[in-house]
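Here is the structure we will look at.
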Amino acid sequence: MRPRLLVLDDWEGRLARSEGVRRMRELADVTVLDRPLAEVPDADLADVEHLMAVRERTRFDAATFDRLPALRVVLQSGGHAYHLDAAAARERGIVVTHGRRAHGPRAAVPELTFALMIGALRHFPVALREMDAGAWPALTGRTLAGRRLGLLGTGRHGTNVARIAQAFGMDVVAWARPGSAGANPEIPRVPLPELLATCDVVSIHLRLSDEVHGLLGAGELASMREGSVLVNTSRGAIVDEHALVEALRAGPLAAAGLDVFAHEPLAADSPLRSLPNALLTPHVGWTVDEVLDEFATMAADQLEAYLGGTLSPDELNPGAAGL
């Protein structure tokens, strides 16, 4: 019998049409889900041996793995697996791959970063709401040119943002965790307090870890330059959202552009939704056709290699089961 594979969380319906999923159908009986895994009866999961996970949309804890007694491989798209209990996977002998070879996010995430910067500085939230209501608002914005940009993190996304910012005519400085891997030494480093106090725009590009969880709390946000803008396309948990709401209401922040939130989807009653100086997008920094196609292609490559006994250890997530 052919192995059974689930493609999870194809909310946009894009993966079902991808070349990668077509290739996976040649290797396994594939079911593409556009609804949460939690809604699938246990009886329909009993013989599932392989999963393709779409970033962090489904949480994999011990209870989830217990619902999948035949599971052998999680084909994890994206470079991180914050949502996955690696110890629980290892105990069950489940192999977990990663999608760090993807190149698409290196363009997609920085592009959205600048869309949020420009939108925040040009008052897009107010402009869009009032235009939708039939008004013609009188607004004055600010340019990126001549502004100082502070980057939190200078890995692959932060480095690309710095390069683009220089083309806009921005002065760029950065803070990175001491000894952090992949930090770009060509971008001038400053201490975090100096960066927050002197930058017109602060953009977050850090990997989530215990060290940076809640990095920007009430004190840090209060110390930011008056009239500054905060942009976050990294992880919501790096910023204290309650403190952020207050900083947007009372200052010093003039605006924020946010693609990520501490809890997703963002609650319908979140105060962030009603703030006129908060530009919000629903974690779409990576959801472009090119990235989804690339994730599906990598998953097909990894599935083929696993079934053929040639999957490289380089394709595995750290902490997960070995081959």
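The values are calculated or read from the model by the stated rules, or taken from the named source; none is laboratory data. This is a predicted model, so every value here is computed, not measured. Virtual Cβ from ideal backbone geometry, glycine too; neighbours counted across all protein chains shown.
Quick look at the numbers
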quantity: Given (1) in a helix (DSSP H, G or I); (2) surrounded by 15 or more Cβ atoms within 10 Å (Cβ to Cβ), number of the condition Arg225 does not satisfy; calculated: (1)
quantity: Any chance Ala120 is of a type in the set (Gly, Ala, Ser), at pLDDT 95 or above and assigned to a loop (DSSP other than H, G, I, E, B); calculated: no
quantity: Which listed residue, of Gly20, Gly93, Gly13, Gly78, is assigned to a loop (DSSP other than H, G, I, E, B) and under 17 Å from Tyr306 (Cα atoms); calculated: Gly93
quantity: Segment 23-41, residues that are over 21 Å from Thr287 (Cβ atoms) and assigned to a loop (DSSP other than H, G, I, E, B); calculated: Ala28, Val40, Pro41
quantity: Which listed residue, of Arg59, Arg55, is in contact with a strand residue (DSSP E or B) (Cβ under 9 Å, 6 or more places away or on another chain), of a type in the set (Lys, Arg) and either assigned by TED's automatic domain parsing to the domain that holds Val260 or under 24 Å from Glu290 (Cα atoms) (or both); calculated: Arg55
quantity: Hey, Ala108 surrounded by fewer than 17 Cβ atoms within 10 Å (Cβ to Cβ) and either more than 19 Å from the chain's Cα centre (by Cα) or outside any strand (DSSP E or B) (or both) or not; calculated: no
quantity: Number of the exception - His157 against (1) at negative phi; (2) in a loop (DSSP other than H, G, I, E, B); calculated: (2)
quantity: Qualifying residue in segment 260-273 (condition: crowded, with 19+ Cβ neighbours inside 10 Å and under 30 Å from Pro191 (Cβ atoms)); calculated: yes
quantity: Search result, residues across segment 132-154 that are buried (at least 18 other Cβ atoms within 10 Å of the Cβ) and in contact with a His (Cβ under 8 Å, 6 or more places away or on another chain); calculated: Leu151, Leu152, Gly153, Thr154
quantity: Segment 170-183 - residue that is surrounded by fewer than 18 Cβ atoms within 10 Å (Cβ to Cβ) and assigned to a loop (DSSP other than H, G, I, E, B) and, of those, modelled with the highest pLDDT; calculated: Arg177
quantity: Some residue of segment 42-49 being surrounded by 13 or more Cβ atoms within 10 Å (Cβ to Cβ) and either touching a helix residue (DSSP H, G or I) at 6+ places or on another chain (Cβ under 9 Å) or in a loop (DSSP other than H, G, I, E, B) (or both); calculated: yes
quantity: Residues (surrounded by fewer than 18 Cβ atoms within 10 Å (Cβ to Cβ) and in contact with a strand residue (DSSP E or B) (Cβ under 9 Å, 6 or more places away or on another chain)) located in segment 70-104; calculated: Ala70, Arg72, His83, Ala86, Ala88, Arg90, Glu91, Arg92, Gly93
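Quick grid of which residues meet (1) farther than 30 Å from Ala115 by Cβ; (2) over 17 Å from the mean Cα position of the chain (by Cα); (3) β-branched (Val, Ile, Thr):
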residue: Ala250; (1), (2), (3): no, yes, no
residue: Leu253; (1), (2), (3): no, yes, no
residue: Leu266; (1), (2), (3): no, no, no
residue: Leu279; (1), (2), (3): no, no, no
residue: His283; (1), (2), (3): no, no, no
residue: Trp286; (1), (2), (3): no, no, no
residue: Asp289; (1), (2), (3): no, no, no
residue: Ala305; (1), (2), (3): yes, yes, no
residue: Leu311; (1), (2), (3): yes, yes, no
